[in-house]
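A.B. asks: Structure in structure tokens, see below.
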2 protein chains.
Amino acid sequence: MDKQKVQPSILPGFMELLPQDQLLFNKMLDTIKRTYETYGFIPLDTPTIEKSEILLAKSGGDTEKQIYRFSKGDSDLSLRFDLTVPLARYVAQHYNELIFPFRRYHIGKVFRGEKPQKGRFREFYQCDIDIIGNESLSIINDAEILSIIFSTFKALGFDEFTIRINNRKVLNGFFESLGIENKADALRIIDKLEKIGVPAVTAELKELGLEQGAIDSLLEFIRIKGGNKEVIERLKALKVEGELFQKGLEELEKVCEYVEYFGIPEKNNAIDLTIARGLDYYTGTIYETVLNNHPAIGSVCSGGRYDNLAQNYTDKKLPGVGISIGLTRLFYQLRESGIVQGAKRATPTELLIIPMKGTMDYALDFSTKSREAGIATEVYLNEGKLGKMFGYADKLGIPFVVVVGEDEVRSGVLKLKDMSTGQQQELRVEEIIRAVKG
Amino acid sequence: MDKQKVQPSILPGFMELLPQDQLLFNKMLDTIKRTYETYGFIPLDTPTIEKSEILLAKSGGDTEKQIYRFSKGDSDLSLRFDLTVPLARYVAQHYNELIFPFRRYHIGKVFRGEKPQKGRFREFYQCDIDIIGNESLSIINDAEILSIIFSTFKALGFDEFTIRINNRKVLNGFFESLGIENKADALRIIDKLEKIGVPAVTAELKELGLEQGAIDSLLEFIRIKGGNKEVIERLKALKVEGELFQKGLEELEKVCEYVEYFGIPEKNNAIDLTIARGLDYYTGTIYETVLNNHPAIGSVCSGGRYDNLAQNYTDKKLPGVGISIGLTRLFYQLRESGIVQGAKRATPTELLIIPMKGTMDYALDFSTKSREAGIATEVYLNEGKLGKMFGYADKLGIPFVVVVGEDEVRSGVLKLKDMSTGQQQELRVEEIIRAVKG
């Protein structure tokens, strides 16, 4: 290679796809988008670059470390690291111009300068929906969010998945009743139950200062399993004192009731008292979604209910509920684990028209008609032998090819070749258009 | 406002839309995307952040000044300032895995830290297509690009627009024949003809060192107007010596010939010998597109032919031809000049279902059916008076509303209200779905 050339490459931790995979990725993205829209969510697009003071208004340690922050002129700029903070800023800023409940979806890239590791990306797509209420927001919205998760994964072609729900008030209320102060640490330890077993978990909880009685109650609590109704009954039977627990239980029961009305099969949703998610942010319902046959992938869609979206920017009380699908990571994992296979097609083209000597005018006119009928159509415009042209169609996975020779132009009858079967049909232009549209 | 609150705002020079405008913007973007795909272009998505050494491999003064460049860890990073440099890097990097001619489209945001001014943005969408050949690429591709511009602006709802074409070989060949060395300066002066008039232009060209004979020839040349055939004939009649001019004239003639075969009306395209575009980059056909009734907007879609896409990254010769639509700026100008009116709708929702007391289960089941039929459907899930709920539908511009009371549940007959006419129809669920789908 020439000394002056720069070696073409991208940075580690960034995803770039070849055409086949890009088409698959886009299909997933379009499916998510279409599903979100059938629920009446409004598309939103906010700047990739925002003021650092906005994005870091409520900063945690990790956020501050991971954020891409830089200056240009006098400005202190940052790339957004999620779509929720920009939403909070947007709703606070445009509060008077928005209609509440404000239902928005946002599909866009976010940026986190994490240490690169397999399956983690520094630039990735998030597909978010949130419903924001003004002062209040009915619990039925929490059930609707579950319905949207269900519809989205069904539309993506999945059948064996479980949407796990829990309620932070139930968790916190129960912990309070046991006098556990360090809820975050206790939950982290409990999370390891499957891995390290009861004795090790018990030991760690003791180190945290819990008494044996509290530990037993805790282990009993998180072992409550069964159908939603059964879990609710067993939670009631615990007779936990305290308003918080009771309020949470009531919410959980309502969500389960409404979820039935949405027609979500029992097998696709389950109360799971062990899920907790980002402890500071959520205040009610929380969601995680797992692919039953691929638990190693972890949660593919998570979210929850929060009391106050935009408290860093406004005094208005704006409760909401939302979820996020990390599409870049999900796509990577589906491809890696073979759940999504590589596509045969590397182009949207459905019909390739190959003109022979002297028939370019006919071929171009044909292509215009075919496109007007909505068919993605290409004319082979360059020099080359017929074999090379068919090779082009074959390598790209174009399903149909027509060769336009002088005889064909004269007779008006052309040979349509189905590239998957190799079969040819003699058809007129209008018939070809009908056949390809199928 | 609380002292701890951060005033919600975005940086100057960034676009953010309210729901009505966002829906309009997305409709334009989808139209462009769909049109590009009917020509068989492959979608591509490259990282927003690239290595600075890649993006600045061939840097000009403005690029270097405008680019958002920063470091994270050891890496020297930059935000892409166009979609062409990433394309060049991509094609060089994945050369062995791509099928040529490589036809790709890319719709994405690019970033330029320009001084903010009305109608200029620091973060904006570009909608690009390029056709990249391996070693060679037929001139017919240049005509196809013109066909794509035509189809795109027709699909966007425009009728009165002109795609101006020129050929850099014709320009350069003619300049060479006059012995003009400083072509860029000469073109810049000529560009001002309409503004400052012949005497002033003559004076400036003299300062540049041109003799009166050359100036007269130049002015005669750029005044050549008429139908494409007429312009070609007049260019031939100039009898300019030199291979470059003759090659360019031949290309221009071919493009015009093939453009006819694509069925593009004469009124929508015209040779314009005064357009030049980025002098260093293009080597053949060049395009600009103007809205006839709004010349002040300038070119809304530009591009051209280049000999060597990726010379900074590879020794492979990769000629190409492409165009770009700067959608953010175009949208802004169309809205400012009133060509695009604000939308009535602020949501994709087509049907709002309002449940009364005790009918939520029926309403939710109805909404699932309606969504399965492809209708964007919302159920009003929150508390409130009926008037408030109709107000919600009205403010968002939702076209149809159904109220579900206990009587309606019992009889199975519901009242569908058309919000634009105020008329109501008594219909069953399946009939409502048919009526809303229209």
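A.B. asks: Within the stretch B:397-404, can one find any residue that is more than 40 Å from the chain's Cα centre (by Cα) and closer than 17 Å to residue A:141 by Cα?
C.D. replies: Checking the stretch B:397-404: not a single residue is more than 40 Å from the chain's Cα centre (by Cα) and closer than 17 Å to residue A:141 by Cα.
A.B. asks: Which ones in the stretch B:70-111 are at the interface with chain A (Cβ under 7 Å from one of its Cβ atoms) and basic (Lys, Arg)?
C.D. replies: B:72, B:89, B:109 - these are the residues of the stretch B:70-111 that are at the interface with chain A (Cβ under 7 Å from one of its Cβ atoms) and basic (Lys, Arg).
A.B. asks: Next question. Just to verify a result, which residue in the stretch B:112-138, among those that are under 21 Å from residue B:248 (Cα atoms) and facing another protein chain (nearest Cβ under 9 Å), is nearest to the chain's Cα centre (by Cα)?
C.D. replies: The extreme case among them is B:131.
A.B. asks: If you don't mind, there's one more thing I want to ask. So if I check each of B:162, B:152, which one is surrounded by fewer than 19 Cβ atoms within 10 Å (Cβ to Cβ) and among the β-branched types (Val, Ile, Thr)?
C.D. replies: Being surrounded by fewer than 19 Cβ atoms within 10 Å (Cβ to Cβ) and among the β-branched types (Val, Ile, Thr) holds for just one of B:162, B:152, which is B:162.
Each row is one residue, and each column tells you yes or no for (1) within 23 Å of residue B:270 (Cβ to Cβ); (2) touching a residue at least 12 places away in the same chain (Cβ under 8 Å); (3) among the hydroxyl-bearing types (Ser, Thr, Tyr).
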residue: B:170; (1), (2), (3): yes, yes, no
residue: B:194; (1), (2), (3): yes, no, no
residue: B:198; (1), (2), (3): yes, yes, no
residue: B:208; (1), (2), (3): no, yes, no
residue: B:211; (1), (2), (3): no, no, no
residue: B:223; (1), (2), (3): yes, no, no
residue: B:242; (1), (2), (3): no, yes, no
residue: B:245; (1), (2), (3): yes, yes, no
residue: B:248; (1), (2), (3): yes, yes, no
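A.B. asks: Check whether at least one residue in the stretch B:34-52 is more than 8 Å from every other protein chain (Cβ to nearest Cβ) and among the hydrophobic types (A, V, I, L, M, F, W, C), and report yes or no.
C.D. replies: No: the stretch B:34-52 contains no residue that is more than 8 Å from every other protein chain (Cβ to nearest Cβ) and among the hydrophobic types (A, V, I, L, M, F, W, C).
Residues checked against (1) farther than 20 Å from residue B:433 by Cβ; (2) outside any loop (DSSP other than H, G, I, E, B); (3) not polar (S, T, N, Q):
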position: B:314; (1), (2), (3): yes, no, no
position: B:352; (1), (2), (3): no, yes, yes
position: B:389; (1), (2), (3): yes, yes, yes
position: B:395; (1), (2), (3): yes, yes, yes
position: B:407; (1), (2), (3): yes, yes, yes
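A.B. asks: So, in the stretch A:44-68, of the ones that are modelled with pLDDT of 85 or more and surrounded by fewer than 16 Cβ atoms within 10 Å (Cβ to Cβ), which residue ends up farthest from residue A:129 (Cα to Cα)?
C.D. replies: Filtering the stretch A:44-68 for residues that are modelled with pLDDT of 85 or more and surrounded by fewer than 16 Cβ atoms within 10 Å (Cβ to Cβ), the one farthest from residue A:129 (Cα to Cα) comes out as A:65.
A.B. asks: Which residue pairs have Cβ atoms under 6 Å apart, sit 6 or more places apart or on different chains, and have a first residue in the stretch B:331-345 that is hydrophobic (A, V, I, L, M, F, W, C) and a second that is part of a helix (DSSP H, G or I)?
C.D. replies: Pairs that qualify, where the first residue is hydrophobic (A, V, I, L, M, F, W, C) and the partner is part of a helix (DSSP H, G or I), are B:331/B:25; B:340/B:334; B:343/B:20; B:343/B:23; B:343/B:24.
A.B. asks: Return the residues of the stretch B:346-379 that are more than 9 Å from chain A (Cβ to nearest Cβ) and without any contact (Cβ under 8 Å) to a residue 60 or more places away in the chain; say none if nothing qualifies.
C.D. replies: Result: B:353, B:354, B:355, B:356, B:357, B:358, B:359.
A.B. asks: For the stretch A:194-202, state whether one or more residues are over 30 Å from residue B:380 (Cα atoms) and basic (Lys, Arg).
C.D. replies: Yes - at least one qualifying residue is present in the stretch A:194-202.
A.B. asks: Okay, moving on. Has the stretch A:8-19 got at least one residue that is facing chain B (nearest Cβ under 7 Å), closer than 24 Å to residue B:21 by Cα and in a helix (DSSP H, G or I)?
C.D. replies: For the stretch A:8-19, residues facing chain B (nearest Cβ under 7 Å), closer than 24 Å to residue B:21 by Cα and in a helix (DSSP H, G or I): absent.
A.B. asks: Another question about this same structure. Which residue, of B:210, B:219, B:235, is surrounded by 15 or more Cβ atoms within 10 Å (Cβ to Cβ) and under 16 Å from residue B:167 (Cβ atoms)?
C.D. replies: B:235
A.B. asks: Next up: For residues that are at pLDDT 95 or above, under 22 Å from residue B:185 (Cα atoms), among the polar types (S, T, N, Q) and in a loop (DSSP other than H, G, I, E, B), tally how many sit in the stretch B:248-306.
C.D. replies: Qualifying residue count, the stretch B:248-306: 0.
The values are calculated or read from the model by the stated rules, or taken from the named source; none is laboratory data. This structure is a prediction, so every number in the text was calculated from the model and none was measured. Don't worry about glycine lacking a Cβ; one is built from the backbone with ideal geometry, like all the others, and counts go over all protein chains shown.
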